[in-house]
Amino acid sequence: MKQQIAAGLAALCLVGLAGCSAPESTVSDTAEAASPAAESAAESTAAAETPEPQAAEVTLDETVIYDADGVRITATGLDTDGLMGPELTLRIENGTAQNLVVQPAWCTVNGYMMSDLFSADVAAGKTANESFYFPSTALARCGVDTVAEIGLQLKIIDGGTYQILTTTEGVTLQTSAAGSYTQTYDDSGEEIYNANGGRVVAQQMTEDLFGQNLCFYVENTSDRAVVVESEDLSVNGYMVSNFFYADVVPGARAVEPLTLLNSELEDNGIETVDTVEFSLKLVDPDSFSTIDQTDPITLQPGA
């Protein structure tokens, strides 16, 4: 089955953690008389031979997400060793007489919004096994090192007209880590907006292959979904392209980057980012109406 869009993210990297400990040992009379160097070598050998502790595998019980109108969608498990990040595996059974496309309306991991780069084509009368991955880079940016809870809502689309036939109810899937893992939320930084149930905090500046990224923590405590985007973005007084967009469902959080492309910085002769100025616009994604728009905000990342 083709996975639309997702192939563009193949350059992501995975992060690993490791640790070890040495057992207690009994020292003989002869060993006590040995030189400190010999004792150090013996301790190093014992530590090297000690197996590393194995983290408990995170699993997900098979759960039916949707079963109506001839369509049955089941979450069949969680693969934490996916190439680009943990993968939620789905079985989609199309018992109808029409071709269907299944896509996410939104998804969260531990309360953080995740990219919804997933699309599954399922022909009439057929079944598809698909994988929905959560990018390792996005999880790391949010401080998620264990998948404990997955929130998900799906759209079922007519494969011919691409009209939405139905949207499933939002579901919460709890993994085997749900009872023992507590997610922490880093909202440190410079708060630049707090109104209408929305909160935005400017955090650290990072770099990647494409440019410099000013990260923002976004929180939605309202009872409606909110899109937060930037407008009229300039760096050191030079206008540049807007690359910030955060879609946050009620009760969720997001950590998203505002990307300053290296190519545009070079075109404008900018070697150091001294000031970043922009406005924030909050939009209702259902009605496309503007909820709020701020006055220009100026940040000094290097200050």
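So that you can scan it fast, the table gives a plain yes or no per residue for (1) in a strand (DSSP E or B); (2) among the aliphatic types (A, V, I, L, M); (3) in contact with a helix residue (DSSP H, G or I) (Cβ under 7 Å, 6 or more places away or on another chain):
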{"residue": "Pro257", "(1), (2), (3)": "yes, no, no"}
{"residue": "Glu271", "(1), (2), (3)": "no, no, no"}
{"residue": "Asp274", "(1), (2), (3)": "no, no, no"}
{"residue": "Leu280", "(1), (2), (3)": "yes, yes, no"}
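Being aliphatic (A, V, I, L, M) and in a strand (DSSP E or B) is the filter; apply it to the range 259-269 and report the residue that is nearest to Asp186 (Cα to Cα). Can you show your working first?
As a first pass, look at the range 259-269 and keep what is aliphatic (A, V, I, L, M): 260-261, 265.
Checking which are in a strand (DSSP E or B) leaves us with 260-261.
On the way: Leu260: 23, Leu261: 26 Å.
Checked the range 259-269; the qualifying residue nearest to Asp186 (Cα to Cα) is Leu260.
For the range 264-291, give me the residue count where each residue is open to solvent by 30 Å² or more (accessible area, probe 1.4 Å), touching a residue at least 24 places away in the same chain (Cβ under 8 Å) and either over 30 Å from Ile150 (Cβ atoms) or among the hydrophobic types (A, V, I, L, M, F, W, C) (or both).
Looking only at that region, the number is 7.
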>> So, in the range 85-137, how many residues would count as being open to solvent by 40 Å² or more (accessible area, probe 1.4 Å) and modelled with pLDDT under 95?
In response: 5
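In the range 138-151, what residues are over 27 Å from Asp69 (Cα atoms), surrounded by 18 or more Cβ atoms within 10 Å (Cβ to Cβ) and at pLDDT 95 or above?
Filtering the range 138-151 down to residues over 27 Å from Asp69 (Cα atoms) leaves 138-149.
So of that shortlist, the ones also surrounded by 18 or more Cβ atoms within 10 Å (Cβ to Cβ) come out as 138-139, 141-142, 144, 146-148.
Of everything in the range 138-151, those that are over 27 Å from Asp69 (Cα atoms), surrounded by 18 or more Cβ atoms within 10 Å (Cβ to Cβ) and at pLDDT 95 or above turn out to be Leu139, Cys142, Val144, Thr146, Val147, Ala148.
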>> Just to be sure before I move on: is Thr182 farther than 30 Å from Glu57 by Cβ and open to solvent by 40 Å² or more (accessible area, probe 1.4 Å) in the structure I sent?
In response: no
> Inside the range 206-255, can you point out the residues that are without any contact (Cβ under 8 Å) to a residue 60 or more places away in the chain, open to solvent by less than 50 Å² (accessible area, probe 1.4 Å), among the β-branched types (Val, Ile, Thr) and outside any strand (DSSP E or B)?
Replying inline: Val240
>> Looking only at the range 75-84, filter to residues that are open to solvent by 30 Å² or more (accessible area, probe 1.4 Å) and assigned to a strand (DSSP E or B); which one of those is nearest to Lys126 (Cα to Cα)?
In response: Thr76
> Which numbered condition trips up Ala11, out of (1) under 30 Å from Val218 (Cβ atoms); (2) at pLDDT 85 or above; (3) exposed (fewer than 10 other Cβ atoms within 10 Å of the Cβ)?
Replying inline: (2)
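The values are calculated or read from the model by the stated rules, or taken from the named source; none is laboratory data. From a predicted model like this one, the values you see are computed outputs, not experimental measurements. Every residue, glycine among them, receives a Cβ derived from its backbone with ideal geometry; neighbour counts consider all protein chains shown. All accessible areas refer to the heavy atoms of the entire protein, side chains included, with ligands and DNA or RNA removed. Shrake-Rupley method; radii C 1.70, N 1.55, O 1.52, S 1.80 Å.
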